[in-house]
Amino acid sequence: MNSAFTGLRSWLRHLAATERLAVARPGAKLEHELAAIAKRLDGRQAVLFPQPGGHAMPVVSGFMSKRAWIAEAMGVPQSELLARFREASEAPTPWREVAAAQAACQQVVHDFRAGGQLDIARLLPIPTHSEHDSGAYITAGLVIARNPKTGVQNVSINRIQVNARDRLGILMLPRHLRAFFQTAEGEGQPLPVAIVIGVDPLTALSSQAITPIDFDELTIAGSLHGAPLAVTRCQTSEVRVPAEAEIVIEGRILPRVREPEGPFGEFPKYYSAREEREVIEIDRVSTRRDPIFHTIVPAEMEHLLLGAIPREATLLAHLQRSFPGVLDVHLSIGGVARYHLYVKLEKRREGEPKNVILGAFGGHYDVKHVVVVDDDVDVHDPQEVEWAIATRFQADRDLVVVTEAQGSPLDPSTTVRFIHSHGGKPPVHLQGMSAKMGLDATKPLESAEHVFTRVCIPGEREVDLATALQPDAVDLERILAG
Ligand code: MN
């Protein structure tokens, strides 16, 4: 299966041809105005902003803001979205390296080491998004680094703050990039990274796959495209980046350097606090000729879906290994596409839903509340799930609560604990201690006749309104007269 959309531009041309790419008035302000316009059109149209804040480089946002669009980019119906992503993750395609001369992302080069006064904020149109953000943030940068021990790459999207003309602040959650950096820093070394901005939807989606360490997420992009992803080597490090990308920032995460980062409005629709965080020094920026900058408006659909789909695919695979009756999963949008997992189960034994709940908690630490429903409930419809809770769940019998487990550090309701250490060391704080809750909203396997029969009108699905309704067949005024 080959996707027709292996570059950002072919996808944007496709959206434009189908009236899904709005074009803003030239010169929208980078501070708040651009994000406000993109947010108003979230989930309906992507937006291209010409000359944002007086920059020659346009900004695009929201081109992955519907589930159906992502399925379309993959060339599958929406019902096969998770299966296709899973298949690509289980059968990755190694990338294909091309020389810098053949790599579009190397067409224009800006050397920050040359002793000039290059300024990242003048070079790129980096927006400031939410009200209390500390300033401009790169929100759609694929951060690529190599494991210092094995050389295998990792790809993740991290929020990146502009600290100074050649310095960026980065948030690294406790995952693979952080592990690589800890290895490098432990030896007093910087960690070379590339920040890649402006890739096709499937490459962006691949970056969010939940994989083991030493699994290069770019190999999933190749499988989704149906052809090896073309990559090229950075000029200042061994990191390989997608050759068709719009913009590549090459730099190093500095050992034993921390600078204040935040506040920043994150996916749960709350701000993360300002804290001392790691710093990237920029060595070089390369771009295509006339590049397009991509920004993701935080907490909106593009952000939520990018996280949700790969997680759903992973959680579904994880649960199906132990529970073959699990048919589908969904991370609801109201649960910020991370915290609320709905599981559709073809239940075979009483008690099985509780095992599924416990299995789901083990699938990812962000999963906080799990609802297990029967196979007649649509997990993509929150109203259906609520109906199942209303009519098939009893709190004293069907509720599972786990206290003080690892949760999402970005969930403001989690516990922050300070452990005071001795010997003059600063206190260690443990963020993200969270309760977990599971609801078994399945009906019993056996029940008296019609107790759990869902009301249905024979023929309701087959009604053809074109023939069922004939407004011209009667004189309505006569019937309603008098
Ligand atoms: Mn990884």
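The values are calculated or read from the model by the stated rules, or taken from the named source; none is laboratory data. This structure is a prediction, so every number in the text was calculated from the model and none was measured. Cβ sites come from the backbone with ideal geometry, for glycine too, and all protein chains shown count toward neighbours. In case anyone asks, the SASA skips ligands and DNA or RNA and just uses the protein heavy atoms, side chains included. Shrake-Rupley method; radii C 1.70, N 1.55, O 1.52, S 1.80 Å.
Given points 7 Å out from each Cα along the Cα-Cβ axis, report the Y270 to H110 separation in nanometres with one decimal.
So the two model labels end up 3.6 nm from each other.
Show me 188-199, 162-173 ranked by packing, highest mean number of other Cβ atoms within 10 Å first.
The most tightly packed comes first, giving 188-199, 162-173.
With angles folded into 0 to 90 degrees, how steeply does helix 382-392 sit against the dominant principal axis of the chain? Use alpha carbons for both and round to 10.
50 degrees
Mind checking the full-extension length gain between E87 and L480? Use 0.36 nm per residue of separation minus the Cα-Cα distance, one decimal, nm.
135.5 nm
Would you please give the FRET efficiency between W387 and R44, computed as 1/(1 + (r/R0)^6) with r the Cβ-Cβ distance and R0 = 30 Å, to the nearest 0.05?
0.60
Restricting to Cα pairs below 8 Å that are 6+ residues apart, what does the relative contact order work out to for the chain? Please round to a whole percent.
Relative contact order, the chain: 14 percent.
Using unit Cβ charges (K, R positive; D, E negative) and no other charged atoms, how large, in debye to the nearest 20, is the dipole of segment 23-79 about its Cα centre?
Roughly 140 debye for segment 23-79.
Please determine, in degrees from 0 to 90 and to the nearest 10, the orientation of helix 301-322 with respect to the longest principal axis defined by the Cα atoms of the chain, where the helix direction is its Cα long axis.
For 301-322 against the chain, the angle is about 70 degrees.
Over the alpha carbons of segment 97-150, what is the largest minus smallest coordinate on each principal axis, giving the biggest first in Å?
The principal-axis extents, from largest down, are 42, 32, 22 Å.
Kirkwood Rh, Cα Rg: Rg to Rh for segment 1-158?
Ratio of gyration radius to Kirkwood radius: 0.99.
Give me log10 I(q)/I(0) at q = 0.21 Å⁻¹ for segment 79-195, Debye formula, one equal scatterer per alpha-carbon, no solvent.
-1.34
Once every DSSP H run of n ≥ 4 in the chain is given -39500 (n - 2.57) and the sum is divided by its residues, what mean residue ellipticity at 222 nm do you get, rounded to the nearest 500 deg cm²/dmol?
After summing the helix terms and dividing by the residues of the chain, the value is -7000 deg cm²/dmol.
What is the diffusion coefficient of the chain in µm²/s, taking the Kirkwood radius over Cα pairs and the Stokes-Einstein relation at 4 °C with a viscosity of 1.567 mPa s?
53 µm²/s
With a 1.4 Å probe and every protein chain kept in, tell me what percent of the accessible surface of the chain is carbon plus sulfur.
52 percent
Using 18 Å as the cut-off for backbone N distance, which residues of segment 28-70 belong to the label zone defined by a point 7 Å from the Cα of E131 along Cα→Cβ?
Counting only backbone N, you get 31-40.
Can you give the FRET efficiency for F452 and S322, using 1/(1 + (r/R0)^6), R0 = 22 Å, r = Cβ-Cβ distance, to the nearest 0.05?
0.25
Give me the tail of P(r) for segment 89-295 as a percent: Cα-Cα pairs with distance above 21 Å.
The calculated P(r) of segment 89-295 puts 50 percent of pairs beyond 21 Å.
Please report the spacing between the Cα centers of segment 444-482 and segment 268-328 in Å, no decimals.
When both Cα centres are located, 44 Å separates them.
If the cut-off is a Cα-Cα distance under 12 Å, which aspartates and glutamates reach K368, setting aside same-chain residues fewer than 8 apart in sequence?
Qualifying aspartates and glutamates at Cα under 12 Å: E404, D411.
Report the dimensions of segment 323-441 along its three principal axes from the alpha-carbon atoms, largest first, rounded to Å.
Principal axes ranked by extent give 59, 27, 26 Å for the Cα atoms.
Averaged over every viewing direction, what's the projected area of the C-alpha convex hull for segment 281-321? Give it in nm², one decimal, please.
Dividing the Cα hull surface by four gives the mean projection, 5.6 nm².
Could you list, in their original order, any pairs among K149/K425; K39/K149; K29/K66; K66/K149 whose Cα atoms are separated by more than 31 Å?
Over 31 Å apart, Cα to Cα: K39/K149; K66/K149.
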